[in-house]
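Remarks on the structure that follows.
The values are calculated or read from the model by the stated rules, or taken from the named source; none is laboratory data. The shown structure was predicted, so the numbers you read here are calculated from the model rather than taken from an experiment. Neighbour counts are summed over all protein chains in view; Cβ atoms, including those assigned to glycine, are modelled from backbone coordinates with ideal geometry. For the accessible areas, the whole protein counts, side chains as well, though only heavy atoms, and no ligand, DNA or RNA atoms are used. Shrake-Rupley method; radii C 1.70, N 1.55, O 1.52, S 1.80 Å.
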Amino acid sequence: MTGQVTHFEIYGEDPAGLAEFYASLFGWQIVKAPGVGYWRIQTGPKRGNGFDAGLTYRPTTGPHCWLNYVTVDSMDAALMQAQRMGASIVRPKTAVPRTGWCSVLQDPQGNSFAIWQADPTAFPPPEPD
Amino acid sequence: MVTQATNGRETNMYYTDDSILPENMEPLIITAAPYGPEWIPGDADIPVTWDEQVQAAVDCYNAGATMLHVHVRDPATGHGSVDFDQFNYFIGRLRQAVPKMILQVGGSISFSPKTADAKAKWLDYDTRHMLTELDPKPDCVTVATGTTQWDIMSWMSADDVKGTHLEDNPKVQAAWAGMWVDAGPAFYLEHLKRLRKNRIQPYFVPAHVHQLEIIERLIRAGVYMGPMNLAIAGYGGGTLGRNPYHWMDFLRQVPQGAVATFWTSMRGLIPISAMAIVLGQHVRVGNEDNLWGPDKKRRTTVQQVEGAVRICKEFGRKVATAEEARQIMKVGVWYDSVEETLHNLGLPPNRRDGQPGFLVWETEGRKTVAKTGGDSHPMAYCMVPPPQVAAE
């Protein structure tokens with residue numbers, strides 16, 4: 001299995017404040033996506049349609065550090081292999097609508113990382129409210 | 001003392017000989033429900049991005065819908081949104097895109113606080129009461145009056161869910177079968193109070209006649225003072241079923257001054273909507289309720305709106321403009337007293353202490369001039385022939 005670090009996420013209780021912090025510190029371009037609590041970060045010259053990183057509200061069990069994303073070909077295969085090798089799943093496979101799948105894991109020594117699989121058909125099943 | 005004959009039976013939905021003629025009916029208000037929270041994009045015409053969700057409203061309005069049943073889907077997760085800021089954002093965009101449309105927000109939402117501070121402040125039902133503080137304000141928010149089992153799967157057939165993620169998926173079907181609406185007095189008393197404070201009208205959703213009775217009691221007690229706009233909600237599984245006699249009986253008990261919309265699901269929606277149209281009532285269509293046409297082929301929300309317009313015109317009834325819909329529903333109107341509310345709804349007054357008998361509104365006791373075509377001959381009142389008759 002191959003995997004390349006492709007982007008990272010930063011979390012905070014006040015993402016707008018953090019956006020200002022990093023924009024001032026590193027000169028990053030940070031733009032809030034309209035209507036969602038997510039800020040897109042461009043750390044340097046833009047490459048393609050993507051962005052380098054994101055900034056959002058800290059999940060309930062979210063880490064107090066940046067989270068690196070490794071892009072894989074198959075989310076299911078990566079999760080199975082990682083677990084066989086001693087990793088644990090912190091956040092199960094989750095759909096980002098029409099974009100891809102993500103999951104957060106911890107390696108055998110407790111370091112958090114995330115994996116990503118692009119998939120334009122990804123969508124979560126609805127739940128009764 | 002002469003009184004108007006307005007006892008309990010006659011003040012509820014009452015059809016005079018001419019009520020059934022389409023030219024005497026209020027124009028039809030079509031509610032569109034295009035956000036089907038129970039579906040995913042592969043199932044039906046489900047909008048996901050903000051632009052798609054706004055465009056769905058525009059398309060429904062252009063097709064003839066004047067009220068929009070609003071659910072918000074979080075484009076980042078694909079799930080129904082529980083984010084207060086997202087609701088405000090989306091309503092703001094809707095106000096720009098379809099400024100005349102009546103916005104009716106689905107009230108079965110518990111917002112999720114984003115921060116620990118908010119989590120500490122939002123207690124119990126506060127996460128639902130936040131609907132009353134949306135900014136910009138919607139015109140109305142749906143309010144259930146009574147906790148109800150709401151098993152939407154109870155009458156769905158294999159054909160109904162064909163081609164959707166529910167097909168051959170007993171686990172998900174069981175989840176929807178277990179749906180119930182939590183709406184006891186601990187919720188709705190406070191919710192109605194906050195809606196009034198923020199001038200957002202309730203849109204009542206009684207699922208059977210006993211919940212309609214609760215609404216009347218709330219009005220008689222002064223908890224709610226305003227127009228009565230309501231859905232007659234028939235989804236089976238603990239709510240009203242498809243027996244037309246039950247619909248008629250429910251309708252018979254709706255106050256004369258109320259505005260009722262028939263809500264039901266799947267292909268049953270088509271004949272029930274036709275009933276609503278010919279009875280002078282109003283309809284709701286869209287993928288939240290139904291995915292099919294009478295020919296068992298798929299129909300988008302817009303196609304369903306177009307179908308309601310077609311039936312209405314065929315029957316000779318006018319489809320409401322947005323301005324007419326607002327006037328019919330008395331959007332923005334509030335009353336100042338129990339009596340004013342009862343009188344406007346055509347309900348009998350409250351009983352005064354020691355007052356016996358059936359309750360009626362008192363009048364000055366003077367006869368009014370009868371209109372031509374009334375039950376009595378108009379000349380019986382004045383005995384003076386019209387000028388053109390006298391000249392002959």
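Can you tell me which residue in the stretch B:178-199 is most open to solvent (accessible area, probe 1.4 Å), limited to those that are assigned to a helix (DSSP H, G or I) and among the charged types (D, E, K, R)?
Applying the filter and picking the extreme gives B:K197.
Of the residues in the stretch A:55-78, how many are at pLDDT below 95, surrounded by 17 or more Cβ atoms within 10 Å (Cβ to Cβ) and either under 22 Å from A:G3 (Cα atoms) or of a type in the set (F, W, Y) (or both)?
The number of residues fulfilling the criteria is 1.
In contact (Cβ under 8 Å) with a residue 60 or more places away in the chain and more than 14 Å from chain B (Cβ to nearest Cβ): which single residue out of A:W116, A:W28, A:W66 fits that description?
Sole residue among the options that is in contact (Cβ under 8 Å) with a residue 60 or more places away in the chain and more than 14 Å from chain B (Cβ to nearest Cβ): A:W116.
Looking only at the stretch B:258-272, decide whether some residue is open to solvent by 30 Å² or more (accessible area, probe 1.4 Å) and over 28 Å from B:G307 (Cα atoms).
no
Is it true that A:L18 is within 14 Å of chain B (Cβ to nearest Cβ) and at pLDDT 95 or above?
yes
List, please: which pairs have Cβ atoms under 8 Å, are six or more places apart or on different chains, and start with a residue in the stretch A:73-85 that is farther than 10 Å from A:L105 by Cβ and end with one that is of a type in the set (S, T, Y) and open to solvent by less than 90 Å² (accessible area, probe 1.4 Å)?
If the second residue must be of a type in the set (S, T, Y) and open to solvent by less than 90 Å² (accessible area, probe 1.4 Å), the pairs left are A:M75/A:S103.
Within the stretch B:46-64, restricting attention to residues that are surrounded by 21 or more Cβ atoms within 10 Å (Cβ to Cβ) and over 22 Å from the mean Cα position of the chain (by Cα), which residue is farthest from the other protein chains (Cβ to nearest Cβ)?
Per the stated criteria, the residue is B:P47.
Please go through the stretch B:271-299 and give me each residue that is under 22 Å from B:L166 (Cα atoms) and either basic (K, R) or in a helix (DSSP H, G or I) (or both), ordered by number.
Residues satisfying the conditions are B:K296, B:K297, B:R298, B:R299.
I need a count of the residues in the stretch A:100-124 that are open to solvent by less than 70 Å² (accessible area, probe 1.4 Å) and either outside any strand (DSSP E or B) or in contact with a Pro (Cβ under 7 Å, 6 or more places away or on another chain) (or both).
Here the count works out to 8.
Of all residues in the stretch B:143-177, count the ones that are open to solvent by less than 20 Å² (accessible area, probe 1.4 Å) and not in a loop (DSSP other than H, G, I, E, B).
3
So which residues in the stretch B:208-257 are at positive phi and surrounded by fewer than 17 Cβ atoms within 10 Å (Cβ to Cβ), if there are any at all?
If the condition is that a residue be at positive phi and surrounded by fewer than 17 Cβ atoms within 10 Å (Cβ to Cβ), then B:G222 is the only one that fits.
Suppose the filter is in contact with a strand residue (DSSP E or B) (Cβ under 6 Å, 6 or more places away or on another chain) and on the phi > 0 side of the Ramachandran plot; does B:G64 pass it?
yes
Is it fair to say B:V305 is outside any strand (DSSP E or B), touching a residue at least 24 places away in the same chain (Cβ under 8 Å) and out of contact with any helix residue (DSSP H, G or I) (no Cβ under 6 Å at 6 or more places or on another chain)?
So B:V305 fails the test.
Can you confirm whether the stretch B:114-128 contains a residue that is part of a loop (DSSP other than H, G, I, E, B), open to solvent by 10 Å² or more (accessible area, probe 1.4 Å), at pLDDT 80 or above and not hydroxyl-bearing (S, T, Y)?
no
Out of all the residues in the stretch B:22-42, which are among the acidic types (D, E) and either more than 14 Å from chain A (Cβ to nearest Cβ) or in a strand (DSSP E or B) (or both)?
Across the stretch B:22-42, the qualifying residues are B:E23, B:E26.
Looking only at residues in the stretch B:83-98 that are more than 22 Å from B:M130 (Cα to Cα) and open to solvent by less than 50 Å² (accessible area, probe 1.4 Å), which one is nearest to the chain's Cα centre (by Cα)?
The qualifying residue nearest to the chain's Cα centre (by Cα) is B:V98.
Look at B:G107 and say whether it is open to solvent by less than 20 Å² (accessible area, probe 1.4 Å), at positive phi and assigned to a loop (DSSP other than H, G, I, E, B).
So B:G107 fails the test.
Looking only at the stretch A:96-106, which residues are of a type outside the set (F, W, Y) and either under 16 Å from A:Q4 (Cα atoms) or within 14 Å of chain B (Cβ to nearest Cβ) (or both)?
A:V96, A:P97, A:R98, A:T99, A:G100, A:C102, A:S103, A:V104, A:L105
Go through the residues of the stretch A:81-89 one by one and say whether even a single one is buried (at least 17 other Cβ atoms within 10 Å of the Cβ) and among the polar types (S, T, N, Q).
no
Within the group B:D45, B:D59, which residue is part of a loop (DSSP other than H, G, I, E, B), farther than 20 Å from B:V181 by Cα and among the acidic types (D, E)?
None of the other options fit; the residue is B:D45.
Quick one: B:D83 ticks every box in (1) at pLDDT below 95; (2) closer than 25 Å to B:I232 by Cβ bar one, so which box is it?
Of (1) at pLDDT below 95; (2) closer than 25 Å to B:I232 by Cβ, only one is false for B:D83: (2).
Output the residues belonging to the stretch A:39-54 that are open to solvent by less than 50 Å² (accessible area, probe 1.4 Å) and within 14 Å of chain B (Cβ to nearest Cβ).
Answer for the stretch A:39-54, where residues must be open to solvent by less than 50 Å² (accessible area, probe 1.4 Å) and within 14 Å of chain B (Cβ to nearest Cβ): A:W39, A:G54.
Are any residues in the stretch B:65-82 part of a loop (DSSP other than H, G, I, E, B), buried (at least 21 other Cβ atoms within 10 Å of the Cβ) and more than 7 Å from chain A (Cβ to nearest Cβ), and if so, which ones?
Listed by number, the residues that qualify are B:A65, B:T66, B:H71, B:V72, B:S81.
Please verify whether B:P202 is surrounded by 18 or more Cβ atoms within 10 Å (Cβ to Cβ), assigned to a loop (DSSP other than H, G, I, E, B) and either more than 11 Å from chain A (Cβ to nearest Cβ) or at pLDDT 95 or above (or both), treating the condition exactly as stated.
no
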